[in-house]
Each structure stands twice: as structure tokens, then as C-alpha cells.
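Right, one structure below, let's go through it.
The values are calculated or read from the model by the stated rules, or taken from the named source; none is laboratory data. Please read all numbers here as calculations on a predicted model, not as lab measurements. Methodologically, a virtual Cβ is constructed for each residue, glycine included, from the backbone with ideal geometry; neighbour enumeration extends over all protein chains shown.
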Amino acid sequence: MIIGGLVGLIPGCGPQIIFVTLFIHGLVPFAALLANAASQDGDARFPLLALDRPSALWTSLITTIPALALGLLVYWLETRMGLPGWLGV
């Protein structure tokens, strides 16, 4: 989950495509995919990096910190309460 959230710091949609592929093949839990999706800013971060780097850093932190918390919560639900069964995965 932590890796999923931190990989979301990489701008662009490539990391999200990789995480979806890993999830489909059962290599990462749903919580890691969710943390990555929540922290991913996609291509929107490229112009902000070019225009205002400090703001790009702050927006990255604003999206990544809650994404990590969400990923850890969902992972806890997955392991303690059998959430994958609820999702049908």
C-alpha cells in the first residue's frame, strides 16, 4: 500500500497502468491499487511542475498522504474482514 501510494507521485498515467496490470495478475492487493489511484495526479502534474514546483510538491503531498491512509485502511479491511470476498476478486 505504501509503495502504491508513493508510486502515485510519479507524474503521468504509466504507473497506474502498471498497477492495474499487477492487480489483474494478482501481484498486488486491491488496497495498493486503490492507494495508487488516489495519489495519482496523471498528466496534470506536468504543467504544474513546469510553472510552479513548490505548488507541485504541495499538491503531491495533499493527494498522497490521504491515499496512504486510505490504502492502509482498506488493507486492514482486506486482511481482517475478508474484503476481497466482498469485491468478488
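Please find, among 9, 33, 22, the residue that is outside any helix (DSSP H, G or I) and either surrounded by 15 or more Cβ atoms within 10 Å (Cβ to Cβ) or among the acidic types (Asp, Glu) (or both).
That would be 9, the only listed residue that is outside any helix (DSSP H, G or I) and either surrounded by 15 or more Cβ atoms within 10 Å (Cβ to Cβ) or among the acidic types (Asp, Glu) (or both).
Quickly run through the range 45-54 and pick out the residues that are surrounded by 12 or more Cβ atoms within 10 Å (Cβ to Cβ) and modelled with pLDDT under 90. If you could, list the steps in order and put the result at the bottom.
The initial filter retains those residues of the range 45-54 that are surrounded by 12 or more Cβ atoms within 10 Å (Cβ to Cβ), namely 45-46, 48-49, 52.
Result: 45, 46, 48, 49.
Given the conditions (1) within 25 Å of residue 76 (Cβ to Cβ); (2) in a helix (DSSP H, G or I); (3) at pLDDT 85 or above; (4) not aliphatic (A, V, I, L, M), which single one is not true for residue 15?
(3)
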